[in-house]
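The block underneath contains the structure these notes are about, expressed in structure tokens.
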Amino acid sequence: MSTVFEYAVLRIVPRPERGEVMNVGVLVHCRAVDFLECRLHVDEERLRALDPALDLAGVRAALHAVARLCHGGDEAGQAGGESPGSRFRWLTAPRSTVVQPGPVHPGITDDPAAEVERLLDLLVR
């Protein structure tokens, strides 16, 4: 049965003054089935080409924090106990850091988990 889902691309903005971004992951939320998932793919060589001085360890740590919050639970801190929809809204809120979410887009799917992989292939890899 088809259902509505929302997604956002996660991107790295190594030097905001240059306006360059690199997509590194996707977040997918489907309220109808209480689904929230993220997948990440970081091409560190491409990131170094954008900014050789970029703190890659800091980027990895920030993306790990995104994944922890996405999956919820005790490791995600206080927000980890929130509903998947609340966590998705928190993760997609605009911010001015090196790791930023893109705009939220809607779609229709029969399989939210398959959408995560499809979008990662289409928009990131």
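The values are calculated or read from the model by the stated rules, or taken from the named source; none is laboratory data. Values in this document were obtained by computation on a predicted structure and should not be read as measured data. Cβ placement follows ideal geometry from the backbone for every residue including glycine, while neighbour counts extend to all protein chains displayed.
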Residue identified as at pLDDT 95 or above and assigned to a loop (DSSP other than H, G, I, E, B) among V42, V28, V24: V42
Residue within segment 22-44 that is touching a residue at least 24 places away in the same chain (Cβ under 8 Å), surrounded by 13 or more Cβ atoms within 10 Å (Cβ to Cβ) and over 19 Å from L119 (Cβ atoms) present: no
Matching residues in segment 74-98 - criterion: being out of contact with any Gly (no Cβ under 9 Å at 6 or more places or on another chain) and of a type outside the set (S, T, N, Q): E75, A76, G77, G85, F88, R89, W90, L91, A93, P94, R95
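Just to be sure, is P94 under 28 Å from T3 (Cα atoms), under 13 Å from the mean Cα position of the chain (by Cα) and without any contact (Cβ under 8 Å) to a residue 40 or more places away in the chain?
Yes: the conditions hold for P94.
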Matching residues in segment 46-66 - criterion: being in contact (Cβ under 8 Å) with a residue 40 or more places away in the chain and aliphatic (A, V, I, L, M): L54, V59, L63, V66
Index of the failed condition, R48 passing every other in (1) assigned to a helix (DSSP H, G or I); (2) touching a helix residue (DSSP H, G or I) at 6+ places or on another chain (Cβ under 6 Å); (3) of a type in the set (D, E, K, R): (2)
Test: residue in segment 92-109 that is in a loop (DSSP other than H, G, I, E, B) and over 16 Å from V13 (Cα atoms): yes
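Name every residue in segment 71-88 that is under 20 Å from A32 (Cα atoms), part of a helix (DSSP H, G or I) and charged (D, E, K, R), in order of residue number.
Within segment 71-88, R87 is the sole residue that qualifies.
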Any hit, segment 100-117, residues being closer than 14 Å to V24 by Cα and more than 12 Å from the chain's Cα centre (by Cα): yes
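Yes/no per residue for (1) acidic (D, E); (2) touching a Lys or Arg at 6+ places or on another chain (Cβ under 7 Å); (3) farther than 18 Å from R15 by Cβ:
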{"residue": "R39", "(1), (2), (3)": "no, no, yes"}
{"residue": "R48", "(1), (2), (3)": "no, no, no"}
{"residue": "D51", "(1), (2), (3)": "yes, yes, no"}
{"residue": "L56", "(1), (2), (3)": "no, no, no"}
{"residue": "A62", "(1), (2), (3)": "no, no, no"}
{"residue": "A65", "(1), (2), (3)": "no, no, yes"}
{"residue": "C70", "(1), (2), (3)": "no, yes, yes"}
{"residue": "E82", "(1), (2), (3)": "yes, no, yes"}
{"residue": "R87", "(1), (2), (3)": "no, no, yes"}
Within segment 91-112, tally of residues that are surrounded by 14 or more Cβ atoms within 10 Å (Cβ to Cβ) and not polar (S, T, N, Q): 9
